[in-house]
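Since the structure comes first, as structure tokens, the remarks are kept for the end.
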Amino acid sequence: MVIYGVALLAGCMLVGLWAGDVLGMLLGVNSNVGGVGIAMLMLIFLGGYLMDKKKMPASTEDGIKFWNGMYIPIVVAMAASQNVAAAFDGGLIALLASLVAVVASFALIPFLNKLGRPKDSDTQESTPPHKPRKVLSASSPSHARARARHAR
């Protein structure tokens with residue numbers, strides 16, 4: 001059922017947020033440290049484990065996919081906006097580091113795009129050779145039909 005997928009995601013989120021709070025306290029930071037990331041990793045590993053053991057039906061996967069499309073991007077965007085606010089408070093060096101990271105990411109796009117494409121030699125080997133064209137003789141019945149069509 002779809003509700004089981006939603007329950008699995010909610011359980012991972014609650015445990016991840018708790019673990020992030022505990023990690024923040026252990027580090028002496030008055031904040032959640034990596035709770036959303038911990039929750040996502042738990043969901044990936046737990047979902048993979050359940051799929052391997054054939055304990056997760058397709059309808060349960062649909063519940064996870066639903067919230068994956070709705071909720072997780074919103075949480076990630078909220079966390080990113082907190083990081084941007086912290087970067088503004090951190091000063092010029094934090095803004096410079098973020099701009100360098102963005103520019104480097106954009107510069108890597110063409111390289112990563114080339115990695116995903118097959119090489120030309122691979123595509124030529126996989127295509128079947130062309131068949132020779134069938135030569136029609138003047139006395140063949142199909143040649144006579146072609147001439148009759150052309151005459152009309």
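The values are calculated or read from the model by the stated rules, or taken from the named source; none is laboratory data. Remember, it's a predicted structure, so these values are computed and weren't measured experimentally. When we count neighbours, we look across all protein chains shown, and the Cβ atoms used for this are built from the backbone with ideal geometry, even at glycine. Surface areas here come from the heavy atoms of the whole protein model, side chains and all, with no ligands, DNA or RNA. Shrake-Rupley method; radii C 1.70, N 1.55, O 1.52, S 1.80 Å.
Of note:
- Segment Ala10-Lys119, length gained on full extension (0.36 nm per residue, minus Cα span): 34.9 nm
- The stretch 1-82, accessible surface, carbon-and-sulfur percent (1.4 angstrom probe): 73 percent
- Rough spin-label spacing in nm, given labels placed 7 Å along Cα→Cβ, for Leu27 and Val102: 2.4 nm
- Summary value for the stretch 1-82: 39 percent relative contact order, contacts being C-alpha pairs under 8 angstrom separated by 6+ residues.
- Average accessible area per residue (Å²) across the stretch 1-82 - probe 1.4 Å, nucleic acids and ligands excluded: 67 Å²
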